[in-house]
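The values are calculated or read from the model by the stated rules, or taken from the named source; none is laboratory data. This is a predicted model, so every value here is computed, not measured. Ideal geometry is used to build each Cβ from the backbone, glycine not excepted, and the neighbour counts take in all protein chains shown.
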Amino acid sequence: MDIVKAKDLVFEYIRRDEEGNVEGISTAVDHVSLQVAQGDFVAILGHNGSGKSTLAKHLNAILYPTEGTVWVDGKDTSAEENLWTVRQNVGMVFQNPDNQIIGQVVEEDVGFGPENLGVPTKEIWERVEESLRAVGMYEHRKHSPNRLSGGQKQRVSIAGVLAMHPKCIVLDEPTAMLDPSGRREVIRAVRGLNDVEGITVILITHYMEEVIHADKIFVMDKGQLVMEGTPKEIFSRVERLKELRLDVPQVTLLAHELRKKGLPIPEGILERKELVEALRNLK
Amino acid sequence: MIRDITIGQYYQTDSVLHRLDPRVKLLGTLVYLVSLFCFHNPAGYAVALLFLILCIRLSHVPFGYMIKGMKSIMFILMITILFNLFLTSGTVLVSFWKITITVEGLKLAITMALRLCMLIIGASLMTLTTTPNHLTDGLEKGLRFLKVIKMPVHEIAMMMAIALRFIPILLEETDKIMKAQLARGADFESGGLVRRARAMVPLLVPLFVSAFRRANDLAMAMEARCYRGGDGRTKMKPLIYAGRDYAAYIILLAYLVISIFLGRWSVMTELLTSL
């Protein structure tokens, strides 16, 4: 069963000059169709301005399609009566951790979502505890979010979404403002949710190392979906990725260059281990 | 600079006053503040002072910490004292040069100063023992009856809570922008008032822009987490009156009765004697 499905999705916004006159129409998302199966870990890659964030906002009914349709768990997101079910089913984590934490204490922030859903008090506490434990932030539950590191704040944001019991979590560049160790923390937490809790994850990013374990990758460029496949399939096409101004993991690039120079190494090597193995088998 | 103002900042400790329902504290503070202006005789002051000392002892907040916060209002206090001291007419006590101090002036200055001090300590006692979140919760629930006249009570409380949450973030941001502008040769220190005020422009403009951007992001994040106003919302930490809250109400009522009784005593005795 597909948790998220988009068909011929188009989103246009009107650019205006300072006086408010229409300057032109920009198409941020251009006829995108995609399907995400329940329980998958999906990554959406793309350069800045490729429309990936705009696409993400459609999955949570923050934006509505200009044309086409988006279904979440079989429900049309543009129908008014589905709004809250859609938003509960698809949790959204944004880029800046400071701008999405509402509570002054970690546990209060995590409780914000369930409070909005009208969950009874006792159950809110249970959900808060279980969500904070899932991201490994339970011991910080009484702290002020201002005292936490970026990675910790972002994990609190994830817990806040988790407490709403979503079927799917969309993360819109959750690691863009973090240092490498914070990035690792967050990605580990996200992968844990996917592996252990079976929650569908849609990760939007431009860090390639974060997507090599994904079940499926979508690549966007200028609002269109240009590539789709497993990480191996995507990263076998190094030249095409370079055309799209996307980085390739270092190991993959090295393997690719070696192959170009004539070494019989397979394309789409994603991890150092694989490359070592391939080089060993050369003899 | 802004961090130095300790007046009314929450003081983390455990006491009966800390655990009290915020609604009790809000009403109590209000009643106390009003009561300060209801009496005109020493007995009334004594009762009010006694009540305040009792509350301070109950709060476990060190007195020195409270006094430290008072420094920032010393100036206003001094002005009040001086104005009352020199500008009240009546029987002359001392007189030199152009300055005369009257008995009435002296009395008024002392009582006004005492009143102001009690007022400020009384009010800060509430904020010292109540977290901002608790306070907004208390306001929201305590003022819920205003919804009848279409007051957006929940929205106001939510705005207060968010404002409080963002104070440290915006302070940090101000600091960052200030440093960035200083690095590019901005001068916030020298010049007269006008020049200094003008120097704030390159600080305030980016600060406002970023605050609006943050507000936009936050609104989106709240909506994404199904926020839709106060209707149908449950509370993680609901406010429920406990035994101690009722006890506090009774004590408050007792204080009110005593202070009115004492405060009006002189008036009543006068009335009685005139009869």
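Taking the stated definitions as given, is A:LEU55 within 21 Å of the chain's Cα centre (by Cα), closer than 15 Å to A:VAL170 by Cβ and within 11 Å of chain B (Cβ to nearest Cβ)?
no
Exactly one condition in (1) farther than 23 Å from A:PHE41 by Cα; (2) crowded, with 18+ Cβ neighbours inside 10 Å; (3) of a type in the set (A, V, I, L, M) is false for A:ILE217; which is it?
Looking at each condition in turn, A:ILE217 falls short on (1).
Could you tell me which of the residues A:LYS5, A:LYS52, A:LYS75 is surrounded by 15 or more Cβ atoms within 10 Å (Cβ to Cβ) and without any contact (Cβ under 8 Å) to a residue 24 or more places away in the chain?
After applying the criteria, what remains is A:LYS75.
Might you check whether a residue that is among the acidic types (Asp, Glu), free of Cβ contacts under 8 Å to residues at least 24 places away in the same chain and either farther than 30 Å from B:CYS55 by Cβ or away from chain A (no Cβ under 14 Å) (or both) occurs anywhere in the stretch B:237-251?
No; the residues of the stretch B:237-251 include none that is among the acidic types (Asp, Glu), free of Cβ contacts under 8 Å to residues at least 24 places away in the same chain and either farther than 30 Å from B:CYS55 by Cβ or away from chain A (no Cβ under 14 Å) (or both).
State yes or no: is A:GLU210 surrounded by fewer than 24 Cβ atoms within 10 Å (Cβ to Cβ) and at pLDDT below 90?
Criteria met by A:GLU210.
When the stretch B:175-193 is examined, which residues are found to be under 31 Å from the mean Cα position of the chain (by Cα), of a type outside the set (D, E, K, R) and surrounded by fewer than 16 Cβ atoms within 10 Å (Cβ to Cβ)?
If the condition is that a residue be under 31 Å from the mean Cα position of the chain (by Cα), of a type outside the set (D, E, K, R) and surrounded by fewer than 16 Cβ atoms within 10 Å (Cβ to Cβ), then B:PHE188, B:LEU193 are the ones that fit.
This table checks each residue for (1) in contact with a Leu (Cβ under 9 Å, 6 or more places away or on another chain); (2) not assigned by TED's automatic domain parsing to the domain that holds B:ALA215.
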{"residue": "B:LEU82", "(1), (2)": "no, yes"}
{"residue": "B:SER95", "(1), (2)": "no, yes"}
{"residue": "B:LYS98", "(1), (2)": "no, yes"}
{"residue": "B:CYS117", "(1), (2)": "yes, yes"}
{"residue": "B:ILE120", "(1), (2)": "yes, yes"}
{"residue": "B:LYS141", "(1), (2)": "yes, yes"}
{"residue": "B:VAL153", "(1), (2)": "yes, no"}
{"residue": "B:LEU171", "(1), (2)": "no, no"}
{"residue": "B:ALA186", "(1), (2)": "yes, no"}
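Can you name the number of the only condition in (1) modelled with pLDDT of 85 or more; (2) part of a loop (DSSP other than H, G, I, E, B) that A:PRO266 fails?
Going through the list (1) modelled with pLDDT of 85 or more; (2) part of a loop (DSSP other than H, G, I, E, B), A:PRO266 breaks only (1).
Sort out which residues of the stretch B:163-191 are aliphatic (A, V, I, L, M), in contact with a helix residue (DSSP H, G or I) (Cβ under 6 Å, 6 or more places away or on another chain) and more than 16 Å from B:PRO206 (Cβ to Cβ), and write them in order of number.
Once the filter is applied, which keeps residues that are aliphatic (A, V, I, L, M), in contact with a helix residue (DSSP H, G or I) (Cβ under 6 Å, 6 or more places away or on another chain) and more than 16 Å from B:PRO206 (Cβ to Cβ), the stretch B:163-191 yields only B:LEU164.
For A:LEU246, all conditions in the list (1) among the hydrophobic types (A, V, I, L, M, F, W, C); (2) surrounded by fewer than 18 Cβ atoms within 10 Å (Cβ to Cβ); (3) within 22 Å of the chain's Cα centre (by Cα) hold save one; what is the number of the exception?
(2)
Considering only the stretch B:166-275, give the helices (runs of 4 or more DSSP H) lying wholly within it that have at least 1 residues that are among the basic types (Lys, Arg) and modelled with pLDDT under 90.
B:193-199, B:243-263
Quick one: B:VAL31 ticks every box in (1) modelled with pLDDT under 85; (2) within 15 Å of the chain's Cα centre (by Cα) except a single one, so which number is it?
Among (1) modelled with pLDDT under 85; (2) within 15 Å of the chain's Cα centre (by Cα), the lone unmet condition for B:VAL31 is (1).
Which pairs turn up if I take residues in the stretch B:122-133 that are within 14 Å of chain A (Cβ to nearest Cβ) and surrounded by 23 or more Cβ atoms within 10 Å (Cβ to Cβ) and look for partners that are among the small types (Gly, Ala, Ser) and part of a helix (DSSP H, G or I) with beta carbon separation below 8 Å, at least 6 apart in sequence or on another chain?
Every condition considered, the pairs that remain are B:THR130/B:GLY138.
Any residue in the stretch B:56-72 that is more than 27 Å from B:LEU252 (Cα to Cα) and of a type in the set (Ser, Thr, Tyr)?
Within the stretch B:56-72 (the criterion being more than 27 Å from B:LEU252 (Cα to Cα) and of a type in the set (Ser, Thr, Tyr)), the answer is yes, since at least one residue qualifies.
Filter the stretch A:84-104 down to the residues that are assigned to a loop (DSSP other than H, G, I, E, B) and more than 7 Å from chain B (Cβ to nearest Cβ), then identify the one that is modelled with the lowest pLDDT.
Taking the candidates together, the pick is A:GLY103.
Assuming B:ALA199 fulfils every condition listed in (1) surrounded by 14 or more Cβ atoms within 10 Å (Cβ to Cβ); (2) within 14 Å of another protein chain (Cβ to nearest Cβ) apart from one, which condition is it?
Here B:ALA199 clears every test but (2).
Among the residues of the stretch A:156-185, which ones are over 18 Å from A:ARG133 (Cα atoms), without any contact (Cβ under 8 Å) to a residue 40 or more places away in the chain and of a type in the set (Gly, Ala, Ser)?
Within the stretch A:156-185, just A:SER181 meets the criteria.
Condition first: facing another protein chain (nearest Cβ under 7 Å) and part of a loop (DSSP other than H, G, I, E, B). Now tell me which residues in the stretch A:106-140 satisfy that.
Correct list: A:GLY118, A:VAL119, A:PRO120.
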